[in-house]
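Contents: one structure, followed by commentary.
We did not get these values from a lab; they are worked out from the coordinates using the rules stated. Since this is a predicted model, take the numbers as computed values, not measurements. Here Cβ is always computed from backbone atoms with ideal geometry, including for glycine, and neighbour counts include all displayed protein chains.
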Amino acid sequence: MPYKYGVGDPKFGWFAQELLLRSGWPRRSVPSIIISWERSLWVGLAFHEGEHVERSSPKLQLVGMARLVGDGIYTAVLFDVVVHPFHRRMGIGSRLVDEAVAYGRTLGVAEVECCAAPGASGFYEALGWEHKDAFAWKFGKDTQGGSS
Ligand SMILES: CC(C)(COP(=O)(O)OP(=O)(O)OC[C@H]1O[C@@H](n2cnc3c(N)ncnc32)[C@H](O)[C@@H]1OP(=O)(O)O)[C@@H](O)C(=O)NCCC(=O)NCCS
């Protein structure tokens, strides 16, 4: 498959904004995406090489991302796991999640956690993740954070 993998680089912030929008996620500003990457332990990106890209680069399209946040010593949490709708079920999501878990292991954290989005539980179960109940405090219905 014509996929390449790399780590988060600010120059791909704009591509990430487009990927999130194409995947139906609320809009995030490019500066806020870049800040979130800078404050993460690890950011993984997947690119498709081909001709049918939407904008910007004639050959390269960002089609997947995932990031790991946390203190890097006790715990790490997986966030923003997303694969472009046209490129799902090609193993991209599992490769990014496996890389995140492997990175967490190199840090020595006891476990990597995540909060599965609605409909994504089957994906994590397929990868061998254990189900846990979780609580979250929401600041508001319309806020995504990252106002910059
Ligand atoms: C969830 C998501 C990241 C999966 O990415 P992907 O690249 O399509 O996943 P993979 O191809 O690596 O799937 C690996 C296995 O997980 C399982 N799986 C994948 N997507 C699934 C889904 N939506 N429901 C149930 N099981 C799923 C399958 O067993 C699959 O293997 P198979 O294709 O051989 O049957 C992708 O569907 C996505 O971006 N969804 C929208 C955003 C989202 O919900 N992200 C999760 C945030 S917590």
- [ ] Would you point out the residue of segment 99-110, among those that are surrounded by 15 or more Cβ atoms within 10 Å (Cβ to Cβ) and within 18 Å of residue 64 (Cα to Cα), that is farthest from the ligand (Cβ to nearest atom)?
- [x] 103
Open item on the list: For segment 53-98, which positions are among the acidic types (Asp, Glu) and within 12 Å of the ligand (Cβ to nearest atom)?
Closed with: 80, 98
Open item on the list: If a residue must be more than 8 Å from the ligand (Cβ to nearest atom), without any contact (Cβ under 8 Å) to a residue 40 or more places away in the chain, surrounded by 10 or more Cβ atoms within 10 Å (Cβ to Cβ) and hydrophobic (A, V, I, L, M, F, W, C), how many such residues does segment 111-140 contain?
Closed with: 1
Open item on the list: Looking for something surrounded by fewer than 17 Cβ atoms within 10 Å (Cβ to Cβ), in contact (Cβ under 8 Å) with a residue 24 or more places away in the chain and farther than 25 Å from residue 125 by Cα - is there at least one such residue anywhere in segment 87-94?
Closed with: no
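Within segment 27-44, take every residue that is in a helix (DSSP H, G or I) and out of contact with any Phe, Trp or Tyr (no Cβ under 6 Å at 6 or more places or on another chain) and give me the one that is nearest to residue 5 (Cα to Cα).
37
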